[in-house]
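For reference, the structure discussed in these notes is given below.
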Amino acid sequence: MCGIVGYVGEKKAQDFLISGLKRLEYRGYDSAGIVTIDEDKNATLVRAKGKIKNLEEKLAKEKRDDKIGIGHTRWATHGEPSERNAHPHQSGSIYLVHNGIIENYKELKQELGKYEFKSETDSEVLAALIDSFYQDGKYPLTNAVVQALKLVKGTYGIAVVSALNPDEIVVARSGSPLIVGVGHNETLVASDASAIVGHTKHAIYLNDGEVATIKKNSIEIKTLNAEPVSAKVEEIETNLAAIQKGGYEHFLLKEIMEQPESLTETLRGRVRTEEGIVHLGGPGLTEAELRKIKHLIIVGCGTAYHAGLLASYYIEQFTPEITVETVIASEYRYRQAYIPEDAVALIVSQSGETADTLACLREIKKQGIKTIGIVNVIGSTIAREVDGGTYVHVGPEISVASTKAFTSQVIAMVMFGLTIAQAKGVKKSVLRPYVLEIAEMPEEIKKVLGNVKDEVEKIAKKYAKYEHAIYLGRDTAYPTAMEGALKLKEISYVDANAYAFGELKHGPLALVDDRFFEVAFLPEGALYEKAVSNVQEVLARGGHVLAVTNVEEFDLPVENVVKITTSIEIFAPVLMNLVSQLLAYYMTVAKGYNVDQPRNLAKSVTVE
Ligand code: G6P
């Protein structure tokens, strides 16, 4: 969602701010802006609706050598996307960029009677509130920010500058990430490490309730209660190559194609094929604690939710006496669900910042239940707040539609399930096939991607004329169908929905006509024949079926079939999901839409 950047140092702030904002474009936004301040205390504020290139065009007439500034990409919450509502917001000499939501902004606005507000945003109210405490420099900027934040209810990551002191930026966070990059004679600010990669390898991740006063050679951090914080400087693991397209036309295709490598990273040091076991250090549960687990609750949103659902089918297969429930975070946070003591919660999130998922984590922790993170972004809020965790290590995922994270989330959760099963003394002969297939997955993914890519591209071109799609599957192929439908609707705007094959006759069969095409996932296995009968029912009604299967002798008279040739059986649905990813990608390209930044969506949903 919204992105923040900031710079104080010896170089041209405008250059860093623009390049940083471009790196944050992937998060989703609808307007952008920057402000810089020169040594004579003149501020240059430039904002534009739409893409960063619009901002750049305006900036061409406002080039400055200023050495300090802040910038923002906005994803509208309060007020339409427009230049007026774009950040930075100004009040007196104060300029502010803000991620999050100020819930009590209406009351605060009333109290700030003398101020005239130019935008409809909650953020401008915070700028005015800070200005009211700052009193044209009568008090230090940090004090004014702290006073204001003490009155605020809601979530924020903010960066504030004053035209009156052009050598410092004040940043603070509560529920919205902020990173301070420590450079040589320069200090950088970003809401996401990708904005500062390549400038410095050293960063401080602010915690909720902390305020930092940042100058080019100093960073002073305190809590809102003025207690000093000794900051830990951490190494940023991401490198420049990881956030560039590397020869691909879109990040999405790059991320689909790099799954052999990203899954290898997820498995590194965790799979012992000779012994037929997996080993996860991160969760930090003892053998006795693992043995005691009777319930697993898996919490996530979007693709992470689907990954949890798919993993739950697998975990149930090999872990006895355990119930697994996968829940949508935005629902679960308000349910009055009873969680038994012998439960463990898996908190699944690529970004580690999703507001609903984070709220569930906090709620579950309050109930004294152990929480384990399945997270990608290192140092993210969820990663830091869980009791233990397993990073999926897929590297930066830039495209809004999640692909490589899904594959690794599923396997990481299955590995956690295997860890429980091992502790509970499940026979090695039961678990070994899972472990061996997991170890083979990267190679098999590579094979499948190589074999089906061009074929799926051709099929996608044919199906690009459709506006409706039904994805179908049974058992492990059902969550696969759900994830496939999500991928298609997210980026190609096709109205795609998923159903369990068994539900067809309870409604969706009525939809089958020439406006729709159907994607049927048909993995070999006990339920294959049943699923085939369901496909027959669709065909009998004139359905336009695309079958995805690993059954060699598949001979149904469907319109198109993508055959997966692989030694993988158990995890065949995970391989079939690669077809969904490619189908969504190529259909979107054929339709001419923005693949990496679909309309209205954001990569990291940091507001409720
Ligand atoms: C957004 C993204 C999805 C993602 C979901 C959950 O909707 O566009 O791709 O699956 O959030 O995100 P998380 O970072 O928690 O996995």
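The values are calculated or read from the model by the stated rules, or taken from the named source; none is laboratory data. Owing to the predicted nature of the structure, the values given are computational and were not obtained by experimental measurement. As a convention, Cβ positions derive from the backbone with ideal geometry for all residues, glycine included, and neighbour counts pool all protein chains shown. Quick note on the areas: whole protein, heavy atoms, side chains included, nothing else; ligands and nucleic acids left out. Shrake-Rupley method; radii C 1.70, N 1.55, O 1.52, S 1.80 Å.
Taken together, GLU341, GLU325, GLU331 contain a single residue that is part of a helix (DSSP H, G or I), farther than 25 Å from GLN581 by Cβ and free of Cβ contacts under 8 Å to residues at least 40 places away in the same chain, which is GLU331. Within the stretch 159-168, the presence of at least one residue that is part of a strand (DSSP E or B), within 15 Å of GLU210 (Cα to Cα) and outside the structural domain of THR381 (by TED's automatic domain parsing) is confirmed.
Output the number of the condition that GLY379 fails; it satisfies all remaining conditions of (1) outside any helix (DSSP H, G or I); (2) within 15 Å of the ligand (Cβ to nearest atom); (3) buried (at least 22 other Cβ atoms within 10 Å of the Cβ). Evaluating GLY379 over (1) outside any helix (DSSP H, G or I); (2) within 15 Å of the ligand (Cβ to nearest atom); (3) buried (at least 22 other Cβ atoms within 10 Å of the Cβ) leaves (3) as the failure. Of the helices (runs of 4 or more DSSP H) lying entirely inside the stretch 241-311, those containing at least 3 residues that are over 27 Å from GLU490 (Cβ atoms) and either in contact (Cβ under 8 Å) with a residue 24 or more places away in the chain or within 16 Å of the ligand (Cβ to nearest atom) (or both) span 287-292.
Selection of the stretch 567-608 for residues being hydroxyl-bearing (Ser, Thr, Tyr), open to solvent by less than 10 Å² (accessible area, probe 1.4 Å) and in a loop (DSSP other than H, G, I, E, B) yields only SER604.
For the stretch 95-154, taking the residues that are part of a loop (DSSP other than H, G, I, E, B) and polar (S, T, N, Q), the one that is nearest to the chain's Cα centre (by Cα) is identified as THR121. For the stretch 193-235, residues that are touching a helix residue (DSSP H, G or I) at 6+ places or on another chain (Cβ under 6 Å) and either modelled with pLDDT under 90 or assigned by TED's automatic domain parsing to the domain that holds GLU385 (or both) total 0.
Among the criteria (1) over 27 Å from the mean Cα position of the chain (by Cα); (2) at pLDDT below 95; (3) basic (Lys, Arg), the one LYS51 does not fulfil is (1). Residues in the stretch 348-373 that are near the ligand (Cβ under 9 Å from one of its atoms) and assigned to a strand (DSSP E or B) were compared, and the one that is nearest to GLY100 (Cα to Cα) is SER349. Scanning the stretch 65-95 for residues that are under 16 Å from LEU21 (Cβ atoms), surrounded by fewer than 18 Cβ atoms within 10 Å (Cβ to Cβ) and not acidic (Asp, Glu) yields a total of 1. Contact map, the stretch 11-26: first residue farther than 11 Å from GLY71 by Cα, second residue basic (Lys, Arg) and open to solvent by less than 60 Å² (accessible area, probe 1.4 Å), Cβ cut-off under 8 Å, separation 6 or more or different chains; pairs are TYR26/LYS603. If LEU55 satisfies all but one of (1) assigned to a loop (DSSP other than H, G, I, E, B); (2) touching a residue at least 12 places away in the same chain (Cβ under 8 Å), what's the number of the condition it fails? Going through the list (1) assigned to a loop (DSSP other than H, G, I, E, B); (2) touching a residue at least 12 places away in the same chain (Cβ under 8 Å), LEU55 breaks only (1).
Among residues of the stretch 584-608 that are under 23 Å from VAL377 (Cβ atoms), those with a Cβ under 6 angstrom from a residue that is open to solvent by 50 Å² or more (accessible area, probe 1.4 Å) and within 12 Å of the ligand (Cβ to nearest atom), sequence gap 6+ or separate chain, pair up as ALA602/TRP75.
May I ask you to verify whether GLU397 is open to solvent by less than 10 Å² (accessible area, probe 1.4 Å) and within 11 Å of the ligand (Cβ to nearest atom)? So GLU397 fits the description; yes.
Going by what's in this entry, would THR155 be described as in contact with a Gly (Cβ under 6 Å, 6 or more places away or on another chain), open to solvent by 30 Å² or more (accessible area, probe 1.4 Å) and closer than 24 Å to GLY20 by Cβ? Break it down stepwise before answering.
Details: in contact with a Gly (Cβ under 6 Å, 6 or more places away or on another chain): yes; open to solvent by 30 Å² or more (accessible area, probe 1.4 Å): yes; closer than 24 Å to GLY20 by Cβ: yes.
Judged against the criteria, THR155 is a match.
Residues that are open to solvent by less than 70 Å² (accessible area, probe 1.4 Å) and of a type in the set (Ser, Thr, Tyr) were ranked within the stretch 312-335; the one that is farthest from the ligand (Cβ to nearest atom) is THR319. Pairs linking a residue in the stretch 482-495 that is more than 12 Å from PRO598 (Cα to Cα) to a residue that is among the polar types (S, T, N, Q) and within 13 Å of the ligand (Cβ to nearest atom), with Cβ atoms under 7 Å and 6 or more positions apart or on different chains, are GLU483/THR303; LEU486/THR303. Which of the residues spanning the stretch 28-48 are at pLDDT 95 or above and acidic (Asp, Glu)? ASP38, GLU39, ASP40 - these are the residues of the stretch 28-48 that are at pLDDT 95 or above and acidic (Asp, Glu).
Taking the options ILE420, ILE438, ILE459, ILE445, name whichever one is in the same structural domain as TYR493 (by TED's automatic domain parsing), open to solvent by less than 20 Å² (accessible area, probe 1.4 Å) and either basic (Lys, Arg) or assigned to a helix (DSSP H, G or I) (or both). After ruling out the rest, the residue left standing is ILE459.
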